[in-house]
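Remarks on the structure that follows.
The values are calculated or read from the model by the stated rules, or taken from the named source; none is laboratory data. Treat the numbers as computed from the prediction; the structure is a model and nothing was measured. Because the Cβ atoms are built from the backbone with ideal geometry, glycine has one as well, and the counts that use them run over all protein chains shown. Keep in mind that these areas ignore ligands, DNA and RNA; they rest on the heavy atoms of the full protein, side chains included. Shrake-Rupley method; radii C 1.70, N 1.55, O 1.52, S 1.80 Å.
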Amino acid sequence: MQNFSNFGQDGEQLLTTKEIEVARLVSQGLTSKDIAKATDKSHKTIENQLHDILLKLRHQGVHRRIDLVRWALAVGL
């Protein structure tokens, strides 16, 4: 089983508060368009945030939305 964490080796949180909110909404099954509506952001902004999230979590094996859902559930989002 993958060992997921929201903290880096230095103890700092990996994702910003906004990124955590997007990850939580992804884990609830919302699409990027749904998340954009819920957060009053543009679809492109959400897509950019998702890209940034995946880059930050790639060392934990998070490369796709489904990986992000697994990660979010594992860290308790």
* To do: Can you pull the one-decimal nm distance between simple spin-label points at Lys18 and Thr31, each 7 Å off the Cα toward Cβ?
  => 2.3 nm
* Asked: What part of the accessible area of segment 14-72, given as a whole %, is carbon or sulfur when the probe is 1.4 angstrom?
  -> 53 percent
